[in-house]
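Asks: Following this message is one structure expressed as structure tokens.
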Amino acid sequence: MQALLQQTAAMAAAYLRELPDRRVAPSEEAVAALAGFQEPMPEEPSDALAVIERLHRVGSPATTGMPGPRFFGFVIGGSLPAALAANWLATAWDQCPGLFIASPVATALEEVALGWLLDVLRLPAGSGAAFVTGATVANFTALAAARHTVLAKAGWDVEADGLFGAPPIRVVISEEAHPSVIKSLGLLGLGRSRVQRVPVDGQGRMRAAEMPRLNGPAIVCLQAGNVNTGAFDPAAEICARAKDAGAWVHVDGAFGLWAAASPELAHLVAGVEQADSWATDAHKWLNVPYDSGLAFVRDPMMLRGAMSLVAPYLPRGEHREPSLFTPELSRRARGVDIWAALVSLGRSGLAEMIERNCRQARRFAQGLRAAGFAILNNVVLNQVLVSFGDAARTHEVIRRIQEEGTCWCGPTEWQGQTAMRISVSNWSTTDDDVDRSIAAIVRCAGV
């Protein structure tokens, strides 16, 4: 086992060492070689080192350079060195942090990380949290707490009696709500199509004045960081309107919530703390390994009411029992990676990383605008939308960029216009990476 892990670590180190200089998209040859994995399951055991060597030899070249410094698609960060190493160690520990008695270290580190996260994200002290897979499950978890609460106020126990015959819940979302919110509403039985959508402005911000009048059980979903523009819904105004009507307010802050960690950018999240629940991704701007999402709920008992489970073989002690707050009972010890990331960065390092990525997004916008291309959004955070002309032309440039390999950017549709989206959220991205990427984009657009 020791020799296997040492050699595997050497392969992983070699992979990471090559990331800054390799092409971001895998070559056609590397992808074609994956067909070699399509074979009958072996009848006999295989040597463990031979398995890993084959995985590295065939698999590593076929990866996208997603954790590298010039991957700008999908708002994906990389893995901070301390977080990656902690992830490896936690995997070796092989802990399930559902109960304190089952894994004291994993549950204790999760508890510590929760307190730090509430502080750095400027959320109410004492809020509850679930350490989950990503923003989709974070939204699902927080909205489950919302469903539990608004129906309990109406005298209905949804966990016991389900939704058949329950009082109807009015759900209000933005026209620019992220698909993960809509998917979560569908999973919760609240419907993907029966929501009420509020119009947005030219940057994708919800128009608070056009919110419908709320009465009865109601949930309002806001966005902290539009996935295309990075813009923020006017949280303070919307929260005030919703609270007057007794509605629950949920904030989808998959990446934008991390602006709160920056003194320079914290004004963008003003009013967000007045909500009842929040969702974010740690594998986006905290740069921890997949998978790692976070759901926060102001009242921990509402989260526990939605997620709690009881069994005679699941003892409860005096410590926080994570399984009472998450959809999963069996899961990996995600809090270990988050704790390591926060310790390694510190408050100042986290703020610097976020501010640097936002500065680099502005650098992208300035460079591409100077080259004659249209920037479609106000670059307030880490998102840049670029148009190279009509839809066909823009898609062609994106194809060339991905094929050329210097960087990776993807397409999007923004208020009827096709654009290339650049998302800067990696701890290792340098200004030189930005400049190299700008030069490559300009070359591809000029071919």
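Asks: Please specify each residue of the stretch 151-173 satisfying the condition of being crowded, with 24+ Cβ neighbours inside 10 Å and under 26 Å from the mean Cα position of the chain (by Cα). Can you show your working first?
Replies: From the stretch 151-173, those crowded, with 24+ Cβ neighbours inside 10 Å are 169, 171; that's our starting set.
If the condition is that a residue be crowded, with 24+ Cβ neighbours inside 10 Å and under 26 Å from the mean Cα position of the chain (by Cα), then Val171 is the only one that fits.
Asks: Among the residues of the stretch 71-98, which ones are more than 16 Å from Ser344 (Cβ to Cβ) and out of contact with any Phe, Trp or Tyr (no Cβ under 7 Å at 6 or more places or on another chain)? Working first, answer last.
Replies: Filtering the stretch 71-98 for residues more than 16 Å from Ser344 (Cβ to Cβ) gives 71-76, 91-98.
Correct list: Phe74, Ile76, Thr91, Ala92, Trp93, Asp94, Gln95, Cys96, Pro97, Gly98.
Asks: Give the residue that is surrounded by the fewest Cβ atoms within 10 Å (Cβ to Cβ), with candidates limited to residues of the stretch 227-258 that are within 22 Å of Val386 (Cβ to Cβ) and small (Gly, Ala, Ser).
Replies: At the first step, the residues of the stretch 227-258 found to be within 22 Å of Val386 (Cβ to Cβ) are 227-232, 254-256.
Retained after the next criterion (residues that are small (Gly, Ala, Ser)): 230-231, 254, 256.
Details: Gly230: 27, Ala231: 24, Ala254: 27, Gly256: 30.
Of everything passing the filter in the stretch 227-258, Ala231 is surrounded by the fewest Cβ atoms within 10 Å (Cβ to Cβ).
Asks: Please work out if Trp116 is surrounded by fewer than 22 Cβ atoms within 10 Å (Cβ to Cβ), aromatic (Phe, Trp, Tyr) and over 30 Å from Ala275 (Cα atoms).
Replies: Numbers: surrounded by fewer than 22 Cβ atoms within 10 Å (Cβ to Cβ): yes; aromatic (Phe, Trp, Tyr): yes; over 30 Å from Ala275 (Cα atoms): no.
The answer is no for Trp116.
Asks: Next question. I'd like to check something: does the stretch 70-77 contain any residue that is in a loop (DSSP other than H, G, I, E, B), of a type in the set (D, E, K, R) and either farther than 30 Å from Ser423 by Cα or at pLDDT below 95 (or both)? Let's see the steps before the verdict.
Replies: Just the residues of the stretch 70-77 that are in a loop (DSSP other than H, G, I, E, B), to begin with: 70, 72-77.
Remaining after also requiring of a type in the set (D, E, K, R): 70.
Narrowing further to those that are either farther than 30 Å from Ser423 by Cα or at pLDDT below 95 (or both): none.
No: the stretch 70-77 contains no residue that is in a loop (DSSP other than H, G, I, E, B), of a type in the set (D, E, K, R) and either farther than 30 Å from Ser423 by Cα or at pLDDT below 95 (or both).
Asks: Test Ala351 against the criterion of being among the aliphatic types (A, V, I, L, M) and outside the structural domain of Ala135 (by TED's automatic domain parsing), and give yes or no. Before the answer, list the steps.
Replies: Values: among the aliphatic types (A, V, I, L, M): yes; outside the structural domain of Ala135 (by TED's automatic domain parsing): yes.
Judged against the criteria, Ala351 is a match.
Asks: Would the stretch 79-86 turn up any residue that is part of a loop (DSSP other than H, G, I, E, B), surrounded by 15 or more Cβ atoms within 10 Å (Cβ to Cβ) and within 21 Å of the chain's Cα centre (by Cα)?
Replies: The answer is yes, given that some residue of the stretch 79-86 is part of a loop (DSSP other than H, G, I, E, B), surrounded by 15 or more Cβ atoms within 10 Å (Cβ to Cβ) and within 21 Å of the chain's Cα centre (by Cα).
Asks: Let me ask something additional. Where residues in the stretch 412-447 are part of a strand (DSSP E or B) and of a type in the set (Gly, Ala, Ser), which of them is nearest to Trp258 (Cα to Cα)? Don't jump to the end; show me each part of the working.
Replies: Of all residues in the stretch 412-447, those part of a strand (DSSP E or B) come to 412-414, 417-423.
The next check asks that each one be of a type in the set (Gly, Ala, Ser); those that pass are 419, 423.
Details: Ala419: 25, Ser423: 14 Å.
Going through the qualifying residues, I end up with Ser423.
Asks: Say we look at the stretch 177-221 and pick out the residues that are in contact with a helix residue (DSSP H, G or I) (Cβ under 6 Å, 6 or more places away or on another chain) and either assigned to a strand (DSSP E or B) or among the acidic types (Asp, Glu) (or both); which of these is surrounded by the fewest Cβ atoms within 10 Å (Cβ to Cβ)?
Replies: The qualifying residue surrounded by the fewest Cβ atoms within 10 Å (Cβ to Cβ) is Val198.
Asks: Residue under question is Gly216, and the condition is that it be assigned by TED's automatic domain parsing to the domain that holds Leu121, at pLDDT below 95, more than 25 Å from the chain's Cα centre (by Cα) and not hydrophobic (A, V, I, L, M, F, W, C); does it hold? Steps first, please.
Replies: Values: assigned by TED's automatic domain parsing to the domain that holds Leu121: yes; at pLDDT below 95: yes; more than 25 Å from the chain's Cα centre (by Cα): yes; not hydrophobic (A, V, I, L, M, F, W, C): yes.
Criteria met by Gly216.
Asks: Still on this structure: Limited to the stretch 376-422, what total is found for residues that are aliphatic (A, V, I, L, M), in contact (Cβ under 8 Å) with a residue 12 or more places away in the chain and surrounded by fewer than 17 Cβ atoms within 10 Å (Cβ to Cβ)?
Replies: From the stretch 376-422, those aliphatic (A, V, I, L, M) are 376, 379-381, 384-386, 391-392, 397-398, 401, 419-420, 422; that's our starting set.
Now drop any that are not in contact (Cβ under 8 Å) with a residue 12 or more places away in the chain, which leaves 376, 379-381, 384-386, 391, 397-398, 401, 419-420, 422.
With surrounded by fewer than 17 Cβ atoms within 10 Å (Cβ to Cβ) added as a condition, the list becomes 391.
Summing the residues that are aliphatic (A, V, I, L, M), in contact (Cβ under 8 Å) with a residue 12 or more places away in the chain and surrounded by fewer than 17 Cβ atoms within 10 Å (Cβ to Cβ) in the stretch 376-422 gives 1.
Asks: May I pose another question? Take Val195 and tell me if it is more than 24 Å from Ala145 (Cβ to Cβ) and either out of contact with any strand residue (DSSP E or B) (no Cβ under 9 Å at 6 or more places or on another chain) or among the β-branched types (Val, Ile, Thr) (or both).
Replies: Values: more than 24 Å from Ala145 (Cβ to Cβ): no; either out of contact with any strand residue (DSSP E or B) (no Cβ under 9 Å at 6 or more places or on another chain) or among the β-branched types (Val, Ile, Thr) (or both): yes.
Here the answer is no, as Val195 does not meet what is asked.
Asks: Which count do you get for residues in the stretch 344-391 that are closer than 18 Å to Gly77 by Cα and of a type in the set (A, V, I, L, M)?
Replies: Selection size over the stretch 344-391: 8.
Asks: Take the residues in the stretch 262-297 that are more than 23 Å from Ala218 (Cα to Cα) and of a type in the set (S, T, N, Q), then tell me which one is surrounded by the fewest Cβ atoms within 10 Å (Cβ to Cβ).
Replies: Ser262
Asks: Is at least one residue of the stretch 26-46 polar (S, T, N, Q) and surrounded by 15 or more Cβ atoms within 10 Å (Cβ to Cβ)? Can you show your working first?
Replies: From the stretch 26-46, those polar (S, T, N, Q) are 27, 38, 46; that's our starting set.
Next, from what is left, pick out any that are surrounded by 15 or more Cβ atoms within 10 Å (Cβ to Cβ): none.
No - not one qualifying residue is present in the stretch 26-46.
Asks: Determine the pairs where a residue that is under 23 Å from Ala135 (Cβ atoms) and among the polar types (S, T, N, Q), located within the stretch 54-76, has a partner that is part of a helix (DSSP H, G or I) and at pLDDT below 95 with Cβ atoms under 9 Å apart, the partner being 6 or more residues away or on another chain.
Replies: Taking only residues 6 or more apart or on different chains, not a single pair turns up.
Asks: So how many residues does the stretch 344-386 have that are out of contact with any helix residue (DSSP H, G or I) (no Cβ under 7 Å at 6 or more places or on another chain) and assigned to a helix (DSSP H, G or I)?
Replies: 15
Asks: Looking at the stretch 305-320 only, could you name the residues that are in contact with a Phe, Trp or Tyr (Cβ under 6 Å, 6 or more places away or on another chain) and buried (at least 18 other Cβ atoms within 10 Å of the Cβ)? Even if it seems obvious, please write down each step before you answer.
Replies: We begin by selecting, within the stretch 305-320, every residue in contact with a Phe, Trp or Tyr (Cβ under 6 Å, 6 or more places away or on another chain); these are 307, 317, 319.
Within the stretch 305-320, Met307 is the sole residue that qualifies.
The values are calculated or read from the model by the stated rules, or taken from the named source; none is laboratory data. None of the values given here were measured: they were computed from a predicted structure. Positions of Cβ are backbone-derived with ideal geometry, glycine not excepted, and every protein chain shown enters the neighbour counts.
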